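Student: Structure below; questions to follow.
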Amino acid sequence: MPITIDPAHTGDIDSLVNLLNVLFSIEQDFTPNEAAQRRGLELLLASPDRGQIFVARHPAEKVVGMVSAQLVISTAIGAPSAWIEDMVVREPFRGQGIGKLLLEKAHFWACSKGAGRIQLLADADNAPALAFYRHQDWQPTRLFAWKKGLL
């Protein structure tokens, strides 16, 4: 059955929360929190010019994957830059090219918004994800991600 990649809508939020639970159970820096994920998804869906969520739909299984892209202004390139987040495909659907399709859709969206660069963070211990990004011609940087909670 064909997979389609479309922008997410509010009716997808429950499926997206479930996908984020899968992702945040893998990543060491995040903890699944349904209320927080729901708020974040609602904020993204309400700001389509600043960010977009794309979903992979399977006719029988509904939403089987997702990726989000958000814009920031980069002084390094003097233009918008897109951050890719929340890249996840349900286990039974991995290895079928769905992740590649999701990233391509996010890439085209970023280009349509004038982004001069696209970047993402990946858990250093998530070997399958790192191999996937390398296979998709993503290049690692020499930067480390740092964080400090504000809420």
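The values are calculated or read from the model by the stated rules, or taken from the named source; none is laboratory data. As the structure is a prediction and not an experimental result, all values here were calculated from the model. Here Cβ is always computed from backbone atoms with ideal geometry, including for glycine, and neighbour counts include all displayed protein chains.
Student: Does the stretch 116-135 include one or more residues that are surrounded by 12 or more Cβ atoms within 10 Å (Cβ to Cβ), in contact with an Asp or Glu (Cβ under 6 Å, 6 or more places away or on another chain) and either at pLDDT below 95 or farther than 15 Å from Val67 by Cβ (or both)?
Tutor: Yes, there is a match, as at least one residue in the stretch 116-135 is surrounded by 12 or more Cβ atoms within 10 Å (Cβ to Cβ), in contact with an Asp or Glu (Cβ under 6 Å, 6 or more places away or on another chain) and either at pLDDT below 95 or farther than 15 Å from Val67 by Cβ (or both).
Student: So, in the stretch 65-95, exactly how many residues are crowded, with 20+ Cβ neighbours inside 10 Å and in a loop (DSSP other than H, G, I, E, B)?
Tutor: 0
Student: Okay, moving on. Quick one: is Asp6 of a type in the set (Asp, Glu) and either over 22 Å from Gln96 (Cα atoms) or in a loop (DSSP other than H, G, I, E, B) (or both)?
Tutor: Details: of a type in the set (Asp, Glu): yes; either over 22 Å from Gln96 (Cα atoms) or in a loop (DSSP other than H, G, I, E, B) (or both): no.
No; evaluated as a whole, the condition is false for this residue.
Student: Working only within the stretch 31-78, note down all residues that are closer than 18 Å to Gly99 by Cβ, touching a helix residue (DSSP H, G or I) at 6+ places or on another chain (Cβ under 8 Å) and not aliphatic (A, V, I, L, M). Break it down stepwise before answering.
Tutor: Here is the first cut: in the stretch 31-78, the ones closer than 18 Å to Gly99 by Cβ are 52-58, 61-69.
In the following step, the residues that additionally are touching a helix residue (DSSP H, G or I) at 6+ places or on another chain (Cβ under 8 Å) were identified as 52-56, 58, 61-69.
Residues satisfying the conditions are Gln52, Phe54, His58, Glu61, Lys62, Gly65, Ser68.
Student: Can you tell me which condition Phe24 does not meet? The list is (1) crowded, with 18+ Cβ neighbours inside 10 Å; (2) at pLDDT 95 or above; (3) under 28 Å from Ala127 (Cα atoms), and all the others hold.
Tutor: (2)
For every residue, the table says whether it meets (1) farther than 29 Å from Gly114 by Cα; (2) in a helix (DSSP H, G or I); (3) among the charged types (D, E, K, R); (4) in contact with a Cys (Cβ under 9 Å, 6 or more places away or on another chain).
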| residue | (1), (2), (3), (4) |
| --- | --- |
| Asp12 | no, yes, yes, no |
| Asn21 | yes, yes, no, no |
| Phe30 | yes, no, no, no |
| Arg39 | no, yes, yes, no |
| Leu44 | no, yes, no, no |
